[in-house]
Amino acid sequence: RKEVEQDPGPFNVPEGATVAFNCTYSNSASQSFFWYRQDCRKEPKLLMSVYSSGNEDGRFTAQLNRASQYISLLIRDSKLSDSATYLCVVNRNGNNRLAFGKGNQVVVIP
Amino acid sequence: DAMVIQNPRYQVTQFGKPVTLSCSQTLNHNVMYWYQQKSSQAPKLLFHYYDKDFNNEADTPDNFQSRRPNTSFCFLDIRSPGLGDAAMYLCATSRDSGRAAEEQYFGPGTRLTVT
């Protein structure tokens, strides 16, 4: 089983709509969770950390479910500029090493 | 602005010809990482330095080596590049807070082509 699994998509989303996706992780000892955004042929950049209580940053909401070992990301009122790949990232064995999912590719359509 | 810099941005090398990629940072972070990312794949950690301590991933081929002469610089050496080594190579840095993992800051990457 892969450390982090994501459905790569693509997720074709009409502008203004809401899109949500999950990722699952295999290591129950993981303590840090992140969503990174990666634009085509660019480096990953942190979108948001994911906390146990869930957190929101503008149009983006992240949730963590430790019991079921999944993380979710919801994007409301999608903008064309939200088109990117969203990487689910989990730390390995409680240390600095991170495991990345393959990403959810989001394409926002006018 | 504090940042992670990678040079060159694009590198073309011949099959079997050694190549070195460089990374520098002005963030003064004590942890530096090298990742390999192929098209439509997740970034794959090759190794990382915790200060001067080198930590290799179990599945990183011996063909890949690294050096960190000081806090600011880290190099990736590919001793004998094969066609399968063509990829984007990403350098990243983070602080170590002594707790769980902190955010990693990535450089723009070096896209390696092997001919």
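We did not get these values from a lab; they are worked out from the coordinates using the rules stated. In this text the structure is predicted, and so the values were computed from the model without any measurement. Every residue, glycine among them, receives a Cβ derived from its backbone with ideal geometry; neighbour counts consider all protein chains shown.
Structure notes:
- Taking Cβ separations below 4.7 Å as the criterion for a possible disulfide partner, the isolated cysteines in chain A are A:Cys40.
- Debye, to nearest 20: dipole size of the range B:41-115, +1 on Lys, Arg Cβ, -1 on Asp, Glu Cβ: 180
- Loop chymotrypsin sites (Phe, Trp or Tyr not before Pro), the range A:1-71, which have at most 12 other Cβ atoms in a 10 Å radius of their Cβ (DSSP): A:Tyr51
- Here the dipole of the range B:1-86 is about 240 debye; that uses its Cα centre as origin and unit charges on the Cβ of Lys and Arg (positive) and Asp and Glu (negative).
- The Rg/Rh ratio of the protein assembly as shown, with Rg taken over Cα atoms and Rh as the Kirkwood radius over Cα pairs, comes to 0.97.
- DSSP loop trypsin sites (Lys or Arg not before Pro) with at most 14 other Cβ within 10 Å: longest gap in chain B: B:10-37
- Dipole of chain B, positive end: most advanced residue of B:Phe75, B:Asn28, B:Phe47 [Cβ charges, Cα centre]: B:Phe75
- Across all directions, the average flat footprint of the convex hull enclosing the Cα atoms of chain A is 6.6 nm².
- The ranking of B:Asp53, A:Asp7 by Cβ neighbour count inside 10 Å, starting from the fewest, reads B:Asp53, A:Asp7.
- Positive minus negative residues near B:Tyr10 (Lys, Arg vs Asp, Glu; Cβ under 12 Å): +3
- Candidates per chymotrypsin sites (Phe, Trp or Tyr not before Pro) in the range B:1-39, loop by DSSP, up to 16 other Cβ within 10 Å: B:Phe15
- Among the GluC sites (Glu not before Pro) in the range A:5-94, those located in a DSSP loop and surrounded by at most 14 other Cβ atoms within 10 Å of their own Cβ are A:Glu15.
- Charge dipole (the range A:16-110, unit charges on Cβ, about Cα centre) - positive-most of A:Gly54, A:Phe100, A:Phe33: A:Phe100
- Dipole magnitude of chain A about its Cα centre (Cβ charges: Lys, Arg +1; Asp, Glu -1), debye to nearest 20: 340
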